[in-house]
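To start, the structure itself, in structure tokens.
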Amino acid sequence: MNANIYGQTPENEKQRLKELRSYDILDSLHEKDYDDIVTLASIICDVPMALISFVDKDRQWFKATHGLDGEETHRQHSFCSHAILSPNETMIVPDSRLDDRFKDNPFVVGEPNVVFYAGVPLVSENGYGLGSFCVIDRKPRELSEDQLKAMKILAGQVMKLLELRKTNVELNLKKELLELKAQNLDGIVSARIAQIEGQKVQLEKTNKELQAFNYISSHDLQEPLRKIQTFTSLIAEREFDNLSEKGKEYFLKIGKASSRMSHLIKDLLAYSRTTLDKKNFTEISLQAVVNDVLHDLEEDIKQRNAQITLTADAHFNAIAFQFRQVIYNLLSNSLKFSRADTIPEIIIDYRLETRLESGITGAREKTYHYISVKDNGIGFENKYSEKIFELFQRLETKDLQIGTGIGLAIVKKIIDNHKGYIFVESAPDEGTEFKILIPV
């Protein structure tokens, strides 16, 4: 290894930088998949900051951040530049103020006051350390074995996303070469066939990655959580009365946090399955779907004395279990965000509606199944009407925050699967109305 202003650099630094640039990741735009991973890492490790960073020649560049502003820092101040020196090991710094490498670092003595650091190197298939997937805290701490295991799993998902990106870059280059060579009809046909074959391979690979993530979410991430819930149940049964009042308060917070994590993982699985599940359309009855959902929500409805009305039945083709999820999520949402001083009233309206749809040859009329779910709940500022369908966005009204922030993202993805549209209108203390259009 060679000494320089950064302390040390890998012996293969020239080749490492070449490998990093082959992914075409530096200075790319924010992408939701990466942002979701750092958010999940922050939740699992219970830290305020999480990063996906890449170590360039003179800088550390962030692909995704949680709890930290900025897009890059100078490499000489980077913790991650140390992490890539041992690409096969997780770098743990329990207290940077006691570490000679970092105690005078401006990011330790000043903002963002990095005290604890844990970084899993992001390693390419050729063995080059490209950067680090890391979590940061402003106080000394340690991670459990299960938290470290989860970090390594998520770092693996980052590298799989990078490999997919690299494959796309290579496919696009090959596509451009084919287009340049296509001088006649045979050439054009050949290029199109190659493009389709490449897309098919890419789609199959993407589906495998999603299936792998499903397995990780349903097994590897839930297993340590199940252990936590098992031991907390045992403490609640046998030792709770022996705890101090403060201890009981902390214990109840642990229970709530593990329960929320469990709901989050289940909702993430439901979200990913809306992409992977087969899209079999069958004829459904809107009345039957609503009745089925009302049965599931019976306790919540009785507790709030809610009044739910369906204006008309209808029969149309849909992905049955997915459409049921839409109605369940919307009704559940209305019940959660009802006003404490008002009996919840929810109206489900149906009608056929014809609208103009613009196309290549101009506007044409198209008929839709129009379904609306309107309530008299607490509502929210209408400026959030688009953001509310994004993953991990939660309704925040009058200091009330409920759910994992995935339910409405699932609804949006299911409506997309039906080639439809969903809109929302709301105002504080005036209720909310979700409007769905599904083409006939």
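The values are calculated or read from the model by the stated rules, or taken from the named source; none is laboratory data. Keep in mind it's a predicted model, so treat the numbers as computed, not measured. Here the Cβ positions follow ideal geometry from the backbone for every residue, glycine too, while neighbour counts run over all protein chains shown. Surface accessibility is based on the protein's heavy atoms, side chains included, excluding ligands, DNA and RNA. Shrake-Rupley method; radii C 1.70, N 1.55, O 1.52, S 1.80 Å.
Some observations on this one:
- SER96 vs. criteria modelled with pLDDT of 90 or more, within 23 Å of ASN126 (Cβ to Cβ) and among the hydroxyl-bearing types (Ser, Thr, Tyr): no
- Pair list, Cβ < 7 Å and 6+ apart or interchain, from the range 219-238 residues that are open to solvent by less than 70 Å² (accessible area, probe 1.4 Å) and among the aliphatic types (A, V, I, L, M) to residues that are in a helix (DSSP H, G or I) and at pLDDT 75 or above: LEU221/ALA150; ILE235/PHE251
- Matching entry among ALA340, ALA270, ALA312 (being modelled with pLDDT of 90 or more and not in a strand (DSSP E or B)): ALA312
- All conditions but one from (1) touching a residue at least 24 places away in the same chain (Cβ under 8 Å); (2) in contact with a helix residue (DSSP H, G or I) (Cβ under 7 Å, 6 or more places away or on another chain); (3) surrounded by fewer than 18 Cβ atoms within 10 Å (Cβ to Cβ); (4) farther than 20 Å from LYS160 by Cβ apply to CYS45; the one that does not is (3).
- Neighbours by Cβ (under 8 Å, 6+ apart or cross-chain): first from the range 109-134, within 13 Å of PRO10 (Cβ to Cβ) and open to solvent by 10 Å² or more (accessible area, probe 1.4 Å); second among the β-branched types (Val, Ile, Thr) and not in a strand (DSSP E or B): PRO121/ILE84; PRO121/THR90
- When restricted to residues that are touching an Asp or Glu at 6+ places or on another chain (Cβ under 7 Å), open to solvent by 50 Å² or more (accessible area, probe 1.4 Å) and under 14 Å from LEU297 (Cβ atoms), the range 309-349 contains 2.
- Residue check, ARG16 charged (D, E, K, R) and crowded, with 18+ Cβ neighbours inside 10 Å: yes
- Check on GLU170, at pLDDT 75 or above and open to solvent by 70 Å² or more (accessible area, probe 1.4 Å): yes
- Qualifying residue in the range 356-372 (condition: among the hydroxyl-bearing types (Ser, Thr, Tyr), open to solvent by less than 80 Å² (accessible area, probe 1.4 Å) and in a helix (DSSP H, G or I)): no
- Test result for HIS369, modelled with pLDDT of 90 or more and either of a type in the set (A, V, I, L, M) or closer than 22 Å to ILE284 by Cα (or both): yes
- Checking each residue in the range 68-105 for being part of a loop (DSSP other than H, G, I, E, B), free of Cβ contacts under 8 Å to residues at least 60 places away in the same chain and open to solvent by 40 Å² or more (accessible area, probe 1.4 Å) picks out ASP69, GLY70, GLU71, SER86, ASN88, GLU89, PRO94, ASP100, LYS103, ASP104.
- Selection of first residues in the range 157-180 that are under 12 Å from TYR34 (Cβ atoms) and of second residues that are assigned to a helix (DSSP H, G or I) and modelled with pLDDT of 75 or more, restricted to Cβ pairs under 8 Å at least 6 apart or on distinct chains, gives the following pairs, ordered by first then second residue: GLN157/ILE37; VAL158/TYR34; VAL158/ILE37; LEU161/ASP33; LEU161/TYR34.
- Flag if LEU264 is under 23 Å from LEU148 (Cβ atoms), at pLDDT below 65 and open to solvent by less than 50 Å² (accessible area, probe 1.4 Å): yes
- Test for VAL55: is it open to solvent by less than 40 Å² (accessible area, probe 1.4 Å), at pLDDT 90 or above and under 23 Å from LEU162 (Cα atoms): yes
- Subset of the range 19-38 [of a type in the set (Ser, Thr, Tyr), open to solvent by 30 Å² or more (accessible area, probe 1.4 Å) and closer than 15 Å to VAL158 by Cβ]: none
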